[in-house]
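The values are calculated or read from the model by the stated rules, or taken from the named source; none is laboratory data. These figures come from a predicted structure and were not determined experimentally. FYI the Cβ positions are ideal-geometry reconstructions off the backbone, even for glycines, and counts take in every protein chain you see.
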Amino acid sequence: MFDPERFVAECDAAVLAGGGAAAVYELVASAIADPAAIVAALGEPIRSGQQVLHRSPRLTVISLAWPCSFIGRPHNHLMWAVIGVYGGREDNIFWRRCPPDARRPIEAVGAASLLTRDACQLPDDVIHSVTNPLGKFTTGIHVYGGDFFAPAKSHWDGEALTEQPLQGGPVHKSLSQD
């Protein structure tokens, strides 16, 4: 059985012990190996959104439900992240900054699809965009190495790819809408 409080405590202890993202990855991978247990503990999502399981200066743990056919714009976290999918599929495009004299500010450099029971580790300097290509929710556990809501982040306009500040709050504002 997935116990959210125990999971948060184990992630926090792993970070305190100096294990960082690698140690948290192992915990997330173990948790998402049994998606039904997570759904039993957190409930079947009935709408898109985020459920903050823990928030501190050291660690943020969120259960996230991407809406059907969601397309998120490129954004950064400014901290490492571990993402584990326990339902559906999350497609990521990874971006990098271009030189100042380039035609565009960022360019795509890779991609990864996370299926149910897949986890990935993102470094603190990653820029990525997320898509749920399915006609159902995609659900995941997202663990961040810090207070996800505190630092000033950026997101990039979908058409011109120009960087814009995103002060506080969730990067994925549209998640409260269905």
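For the range 122-147, give me each residue that is within 19 Å of L16 (Cα to Cα) and among the acidic types (D, E).
D124, D147
If R55 meets every condition in (1) without any contact (Cβ under 8 Å) to a residue 60 or more places away in the chain; (2) basic (K, R); (3) out of contact with any Ser or Thr (no Cβ under 8 Å at 6 or more places or on another chain) apart from one, which number is that one?
(1)
Taking the criterion of being buried (at least 20 other Cβ atoms within 10 Å of the Cβ) and either in contact (Cβ under 8 Å) with a residue 40 or more places away in the chain or assigned to a strand (DSSP E or B) (or both), would at least one residue in the range 40-47 satisfy it?
Quick first cut of the range 40-47, residues buried (at least 20 other Cβ atoms within 10 Å of the Cβ) only: 45.
Still in the list and also either in contact (Cβ under 8 Å) with a residue 40 or more places away in the chain or assigned to a strand (DSSP E or B) (or both): 45.
There is at least one residue in the range 40-47 that is buried (at least 20 other Cβ atoms within 10 Å of the Cβ) and either in contact (Cβ under 8 Å) with a residue 40 or more places away in the chain or assigned to a strand (DSSP E or B) (or both).
For residues that are surrounded by 15 or more Cβ atoms within 10 Å (Cβ to Cβ) and under 19 Å from the mean Cα position of the chain (by Cα), scanning just the range 27-39, find the one that is nearest to A81 (Cα to Cα). Steps first, answer last, please.
Here is the first cut: in the range 27-39, the ones surrounded by 15 or more Cβ atoms within 10 Å (Cβ to Cβ) are 27-29, 31-32, 35, 37-39.
Restricting the remaining residues to those that are under 19 Å from the mean Cα position of the chain (by Cα) gives 27-29, 31-32, 35, 38-39.
Numbers: L27: 13, V28: 11, A29: 13, A31: 16, I32: 15, P35: 20, I38: 19, V39: 21 Å.
Result: V28.
Within the set of pairs 6 or more residues apart or between chains, which connect a residue that is farther than 18 Å from L53 by Cα inside the range 7-25 to a residue that is modelled with pLDDT of 95 or more and surrounded by 17 or more Cβ atoms within 10 Å (Cβ to Cβ) with Cβ atoms less than 6 Å apart?
Listed pairs, sorted by first residue: A23/A14.
Scan the range 69-112 for residues that are crowded, with 17+ Cβ neighbours inside 10 Å, within 24 Å of A33 (Cα to Cα) and among the small types (G, A, S) and report the count.
4
For the range 91-132, name all the residues that are in a strand (DSSP E or B) and in contact with a helix residue (DSSP H, G or I) (Cβ under 7 Å, 6 or more places away or on another chain).
Of all residues in the range 91-132, those in a strand (DSSP E or B) come to 91-97, 106-115, 119-122, 127-131.
Of everything in the range 91-132, those that are in a strand (DSSP E or B) and in contact with a helix residue (DSSP H, G or I) (Cβ under 7 Å, 6 or more places away or on another chain) turn out to be A119, Q121.
Could you list, in sequence order, all residues of the range 57-66 that are buried (at least 20 other Cβ atoms within 10 Å of the Cβ) and touching a helix residue (DSSP H, G or I) at 6+ places or on another chain (Cβ under 9 Å)?
Across the range 57-66, the qualifying residues are L59, V61, S63, L64, A65, W66.
Anything in the range 57-79 that is more than 10 Å from the chain's Cα centre (by Cα) and more than 24 Å from L134 (Cα to Cα)? List them, or say none.
Scanning the range 57-79 gives P57, R58, L59, T60, L78, M79.
Specify the residue that is farthest from G146 (Cα to Cα); the eligible residues are those in the range 5-59 that are at pLDDT 95 or above and of a type in the set (D, E, K, R).
D34
I'd like to verify a number: residues in the range 139-152 that are modelled with pLDDT of 95 or more, farther than 13 Å from I32 by Cα and in contact with a Gly (Cβ under 7 Å, 6 or more places away or on another chain), how many?
Qualifying residue count for the region: 1.
Among the listed residues R97, R103, identify the single one that is charged (D, E, K, R) and either in contact (Cβ under 8 Å) with a residue 24 or more places away in the chain or in contact with a strand residue (DSSP E or B) (Cβ under 8 Å, 6 or more places away or on another chain) (or both).
On the way: R103 fails: either in contact (Cβ under 8 Å) with a residue 24 or more places away in the chain or in contact with a strand residue (DSSP E or B) (Cβ under 8 Å, 6 or more places away or on another chain) (or both).
Going through R97, R103 in turn, the sole match is R97.
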